[in-house]
Every structure is written in structure tokens, then in C-alpha cells.
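Notes to accompany the following structure.
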């Protein structure tokens, strides 16, 4: 973890932002494990074309490897 940011948006729960390094799916799964997350929310935008075919998309990796629930949110038209 390189940076951590916490913000209160009045009325809602506090929001924490973290800057992680490495493979995005591995970073999300590792953080979810450390934080004992109940759910991971991830957008559906990822790699396309040959990269996606060879390496897989982040939402796909997370949804197949997570030990908690995963919500994939439509972020692309």
C-alpha cells in the first residue's frame, strides 16, 4: 500500500481510498482478505482484445477467486 485516504461525505459511511501496486486482481483480493471484506465491488471495464484473451479481465479474475461476494457494476456503455 502506497497511500491511504479517508473522507467523510456527511450522512454516509466514511470512504477509504488506497493506492495498491501489482496485479489489480491480486491486489484487490489481498486487500479483501486483510480487511475481511464481506463484498468486493468492481467495475466491468478491463482489458480488451488480445490482452484480455491472454491474461483475463480483472472482474473475471476477482469473481472467480474471491472468497466473499463480488458485485460487478456496469461502468461501460
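Find all pairs meeting these conditions: Cβ atoms under 6 angstrom apart; at least six residues apart or on different chains; first residue within region 56-68 and free of Cβ contacts under 8 Å to residues at least 60 places away in the same chain; second residue crowded, with 18+ Cβ neighbours inside 10 Å and assigned to a loop (DSSP other than H, G, I, E, B). If the second residue must be crowded, with 18+ Cβ neighbours inside 10 Å and assigned to a loop (DSSP other than H, G, I, E, B), the pairs left are 57/46; 58/46; 59/46.
Counting only strands (runs of 3 or more DSSP E) that fall entirely inside the chain and contain at least 1 residues that are touching a helix residue (DSSP H, G or I) at 6+ places or on another chain (Cβ under 9 Å), surrounded by 10 or more Cβ atoms within 10 Å (Cβ to Cβ) and modelled with pLDDT of 90 or more, the qualifying elements are 39-43, 69-73.
The values are calculated or read from the model by the stated rules, or taken from the named source; none is laboratory data. In this text, all values refer to a predicted model and were calculated from it rather than measured experimentally. Cβ: placed from backbone, ideal geometry, glycine included. Neighbour counts: every protein chain shown.
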